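Only one structure is covered here, and it is reproduced in the block below.
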Amino acid sequence: IFHVNGDDVEAVVRVCRMAVEYRQRFRKDVVVDVFCYRRHGHNELDQATFTQPLMYRKIKSHPTPVEVYRQRLVEEVRCKRPAVFLASSMSLSYHFACGNMSRVPQQGKN
């Protein structure tokens, strides 16, 4: 069982690759436990702000994984503007592909 923080995008990718390699090499089942949260509840009928108001207040104020990763790239100065632009465009592409354009976070908002 691999445990990984869902806010650390690179760690999630690294652990998933390790899990695939383990599965291929040892032909055994593997579990990846991504420790994270649901920003919009469990399903379209769930109004999590009513059932868990304190927790969802904290979740709403917590930056999304894309925002965390974008900030990390800027702070590490590994790559400047192109990486920040790439992270933003990847987020938009994901939301468009999933049909969730109404949930695309606005710049600086959750």
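The values are calculated or read from the model by the stated rules, or taken from the named source; none is laboratory data. Since this is a predicted model, take the numbers as computed values, not measurements. Cβ: placed from backbone, ideal geometry, glycine included. Neighbour counts: every protein chain shown. Each accessible area value is taken on the protein alone, full model and side chains, heavy atoms only, with ligands, DNA and RNA left out. Shrake-Rupley method; radii C 1.70, N 1.55, O 1.52, S 1.80 Å.
When the range 45-62 is filtered for residues that are hydrophobic (A, V, I, L, M, F, W, C), at pLDDT below 85 and surrounded by 11 or more Cβ atoms within 10 Å (Cβ to Cβ), only A48 remains. Could you please give the count of residues in the range 23-36 that are over 11 Å from N5 (Cβ atoms), open to solvent by less than 100 Å² (accessible area, probe 1.4 Å) and outside any strand (DSSP E or B)? Number of matching residues: 2. I'm checking my understanding of the structure. Among residues of the range 1-22 that are acidic (D, E) and not in a loop (DSSP other than H, G, I, E, B), which one is surrounded by the most Cβ atoms within 10 Å (Cβ to Cβ)? Only one residue tops the list, namely E21.
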